[in-house]
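So the structure is just underneath, and the comments pick up after that.
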Amino acid sequence: GESGSGKSLTALSIIRLLERSCKITNGEIKFLDQDLLQIEEKEMRKIRKKDISMIFQEPMRSLNPVMSIRDQLLESYDDYKDKNIDSKIIENLVSVGINDADRVINLYPHQLSGGMKQRVMIAMAIACKPKLLIADEPTTSLDVTIQKQVLDLLLELKEKLNMAILFITHDLAVASQISDRIIVMKNGSIVENNESKEFFIKPKDEYSKSLLESTFYSRKLKKNIFLSNENILNIKNLKVYFKE
């Protein structure tokens, strides 16, 4: 869905992290045969700590600028007084593609690139080996190369940890790479709930069709792009000069 359609708000309602001004008046949120709206906050905290994790949209806003990476990850472990806790943190960071983790754990968020910060957020989210991972547009601020690496990493972790992923995005090209099922939202309501393969071949809702038509994903599928031998752009003798 587009920005403001209610994707993030819906995800936050699952883990009951809504602003006080937001209230859920009816309905159920079922997780492991349990209605999350009916349990006490104390029990909900246990579920957030062990069973449901969330990767928030902007890693720079979610990471504490005055705490080292080690100290921030430390909070994700039950027995943080364990003598081997540093090795566990390093192992976790390595699992998300940070090979020099023994150096990174001593750094602060501002010393890391956007892709590295996102990997730290993922490491923090999977430290408890959750059953459900909510990823709120985790690749939005990343360039295409890093975006692909993060998507591949999430899919790999999904299989390795046997967890479900609720992936929030407005990018249908990204959704096509990662999803088994697509849910489209508009103005706070679900307008389509469909299998991913079916959705990209034959969407049911008119709004879904308009989303597909307006994206690069749809244009990429048009056969004439692949069949045409005409050059879209030709550049010859291009030179770049820099003033001294």
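The values are calculated or read from the model by the stated rules, or taken from the named source; none is laboratory data. None of these values were measured; they are calculated from a predicted model. Neighbour counts are summed over all protein chains in view; Cβ atoms, including those assigned to glycine, are modelled from backbone coordinates with ideal geometry. When the accessible area is computed, the model is the full protein with side chains, heavy atoms only, and any ligands, DNA or RNA have been set aside. Shrake-Rupley method; radii C 1.70, N 1.55, O 1.52, S 1.80 Å.
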Task: Selected residue (only one of Asp86, Asp51, Asp71, Asp33 is of a type in the set (Asp, Glu) and in contact (Cβ under 8 Å) with a residue 60 or more places away in the chain) - done: Asp51
Task: Flag if Ser76 is hydroxyl-bearing (Ser, Thr, Tyr), surrounded by 16 or more Cβ atoms within 10 Å (Cβ to Cβ), at pLDDT below 90 and farther than 26 Å from Gly6 by Cβ - done: yes
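Look at Ile90 and say whether it is of a type in the set (Val, Ile, Thr) and open to solvent by 40 Å² or more (accessible area, probe 1.4 Å). Explain how you work it out, then say what you get.
Numbers: of a type in the set (Val, Ile, Thr): yes; open to solvent by 40 Å² or more (accessible area, probe 1.4 Å): yes.
In short, yes.
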Task: Residue count, segment 31-90 (criterion: on the phi > 0 side of the Ramachandran plot and touching a helix residue (DSSP H, G or I) at 6+ places or on another chain (Cβ under 9 Å)) - done: 1
Open item on the list: Restricting to segment 132-177, count the residues that are of a type outside the set (A, V, I, L, M, F, W, C), open to solvent by 10 Å² or more (accessible area, probe 1.4 Å) and in contact with a Leu (Cβ under 7 Å, 6 or more places away or on another chain).
Closed with: 1
